[in-house]
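Visitor: Sharing a structure, written as structure tokens. Questions coming.
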Amino acid sequence: KGTGYQKDDINLFGTNANWQIGDNLGTVLEGYFWAKLDQSKENDLLTKADSVYMPGLRAEANVLDGLNLSTEIAIQRGNKVLGANNVAQRRAWAAQIISKYKVPLEDTKKWSPMLITAYTYTSGDKNPATSRKNKAWDPMFENQNSGKIFNTLFDQTDIHHVLIQGSIKPLADLTANLSWDGLWLARQLDDGTGTGSLTLRQPDGGTVSAAIDSDNKLGDEISMGLVYDYTEDVKLGASYNWFVPGATFTKANKDIASQVMVNANVAF
């Protein structure tokens, strides 16, 4: 903010309430409320702070032998600061459905095979810089897709996201997984002529603009990973990812991205 304005705190408050009903399905209900107040988007002209107020509800149950289903929905209200004395009202929402299926067969039990499928929707705004009621979802420091290339490039907003992941344990302490992520824009971003641009985040914190067409398909990511349980408190992992840009991007922006990652997680 320079020398004229020094209030730049971002404050996050929240609470979760979890209720295990105790029925035969192992049903769990969870409600939460989180608030984010971003003072850094205020200015000397006394624009209101950028604020997000987010209530949500999640339900989970074991509906069949080996099959767990969960669903979640949340809304966002508050102020979206667009510029000096330019504030829009937030009107965003998101929903998610996840299924986890453990194959309940004695012959495959030693492999612990699991299939996970998930669908996530986050609302978007076609004209986020000018809308008086802004529908763009604020990711709220989300880390659901950490380690994925698309999570580095795109904010978790204005997205239809489908995940299919399979995993097995070839050894007692080793888990192998293979996954596919498909991403589509929830709202077209072209300027009405069939062209436009999309802002991409970069690993160094900067951004670049990529030319796009009118198609909504952002791309696909294929991931392979291994996780080794070295001890109860230490996990070692490695992954290899490919991101294939979709028809949203023009030909000049369709290079395939790839990455190799290794990590160690230690619990204290």
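Visitor: Go through region 53-66 and count every residue that is at pLDDT below 95 and either out of contact with any Leu (no Cβ under 8 Å at 6 or more places or on another chain) or of a type in the set (Ser, Thr, Tyr) (or both).
Guide: 3
Visitor: On to the next question. If Gly205 satisfies all but one of (1) buried (at least 18 other Cβ atoms within 10 Å of the Cβ); (2) free of Cβ contacts under 8 Å to residues at least 24 places away in the same chain; (3) of a type outside the set (Ser, Thr, Tyr), what's the number of the condition it fails?
Guide: (1)
Visitor: Being small (Gly, Ala, Ser), touching a strand residue (DSSP E or B) at 6+ places or on another chain (Cβ under 9 Å) and more than 19 Å from His161 (Cβ to Cβ) is true for just one of Ser123, Ser99, Ser112. Which residue is that?
Guide: Exactly one of Ser123, Ser99, Ser112 is small (Gly, Ala, Ser), touching a strand residue (DSSP E or B) at 6+ places or on another chain (Cβ under 9 Å) and more than 19 Å from His161 (Cβ to Cβ), namely Ser112.
Visitor: Kindly indicate whether any position in region 82-94 is touching a residue at least 24 places away in the same chain (Cβ under 8 Å) and touching a helix residue (DSSP H, G or I) at 6+ places or on another chain (Cβ under 7 Å).
Guide: no
Visitor: If Gly124 passes every condition in (1) in contact with an Asp or Glu (Cβ under 9 Å, 6 or more places away or on another chain); (2) within 26 Å of Pro170 (Cα to Cα); (3) not aromatic (Phe, Trp, Tyr) but one, which one does it miss?
Guide: (2)
Visitor: I would also like to ask the following. For region 226-247, check the following and say yes or no: at least one residue is within 21 Å of the chain's Cα centre (by Cα), within 20 Å of Thr152 (Cβ to Cβ), at pLDDT below 90 and surrounded by 11 or more Cβ atoms within 10 Å (Cβ to Cβ).
Guide: no
Visitor: Moving on to the next point. Within region 1-20, track down each residue that is modelled with pLDDT of 65 or more, open to solvent by 100 Å² or more (accessible area, probe 1.4 Å) and farther than 20 Å from Trp34 by Cβ.
Guide: Lys7, Gln20
Visitor: Search region 248-261 for residues being in a strand (DSSP E or B) and open to solvent by less than 80 Å² (accessible area, probe 1.4 Å), and hand back the single one that is farthest from Thr199 (Cα to Cα).
Guide: Residue satisfying both the conditions and the ranking: Met261.
Visitor: Hey, another quick one. Of the conditions (1) of a type in the set (D, E, K, R); (2) in a strand (DSSP E or B); (3) over 26 Å from the mean Cα position of the chain (by Cα), Glu60 clears all except one; give me its number.
Guide: (3)
Visitor: Which of the residues that make up region 143-190 are open to solvent by less than 40 Å² (accessible area, probe 1.4 Å), part of a loop (DSSP other than H, G, I, E, B) and over 12 Å from Gly225 (Cα atoms)?
Guide: Scanning region 143-190 gives Asn145, Phe154, Gln156, Thr157, Asp158, Ala186, Asp190.
Visitor: Here's a check for you: in region 26-38, which residue that is under 18 Å from Gln76 (Cβ atoms) and open to solvent by 20 Å² or more (accessible area, probe 1.4 Å) is modelled with the lowest pLDDT?
Guide: Leu37
Visitor: Residues in region 236-246: is at least one part of a loop (DSSP other than H, G, I, E, B) and farther than 19 Å from Leu163 by Cα?
Guide: no
Visitor: Just for region 209-225: of the residues that are under 23 Å from Gln259 (Cβ atoms) and not small (Gly, Ala, Ser), which one is most open to solvent (accessible area, probe 1.4 Å)?
Guide: As a first pass, look at region 209-225 and keep what is under 23 Å from Gln259 (Cβ atoms): 209-210, 212, 217-225.
Those still in the list that are not small (Gly, Ala, Ser) too: 212, 217-218, 220-222, 224.
Values: Ile212: 4, Lys217: 40, Leu218: 2, Asp220: 39, Glu221: 0, Ile222: 62, Met224: 87 Å².
Only one residue fits best here, namely Met224.
Visitor: Another question, if that's okay. In region 120-142, what count of residues is obtained for those that are open to solvent by 90 Å² or more (accessible area, probe 1.4 Å) and among the hydrophobic types (A, V, I, L, M, F, W, C)?
Guide: Residues in region 120-142 being open to solvent by 90 Å² or more (accessible area, probe 1.4 Å) and among the hydrophobic types (A, V, I, L, M, F, W, C): 1 in total.
Visitor: Hey, another quick one. Give region 90-119 a look and list any residue that's in contact with a Ser or Thr (Cβ under 6 Å, 6 or more places away or on another chain) and open to solvent by 30 Å² or more (accessible area, probe 1.4 Å), or say none. Let's see the steps before the verdict.
Guide: Residues of region 90-119 in contact with a Ser or Thr (Cβ under 6 Å, 6 or more places away or on another chain): 92-94, 96-99, 114, 117.
Selection gives Trp93, Ile97, Ile98, Met114, Thr117.
The values are calculated or read from the model by the stated rules, or taken from the named source; none is laboratory data. Not measured: the values here are computed from a predicted model. Quick reminder, even Gly has a Cβ in these numbers, built from the backbone with ideal geometry, and neighbours come from all protein chains shown. With ligands, DNA and RNA removed, areas are computed over all heavy atoms of the protein, side chains included. Shrake-Rupley method; radii C 1.70, N 1.55, O 1.52, S 1.80 Å.
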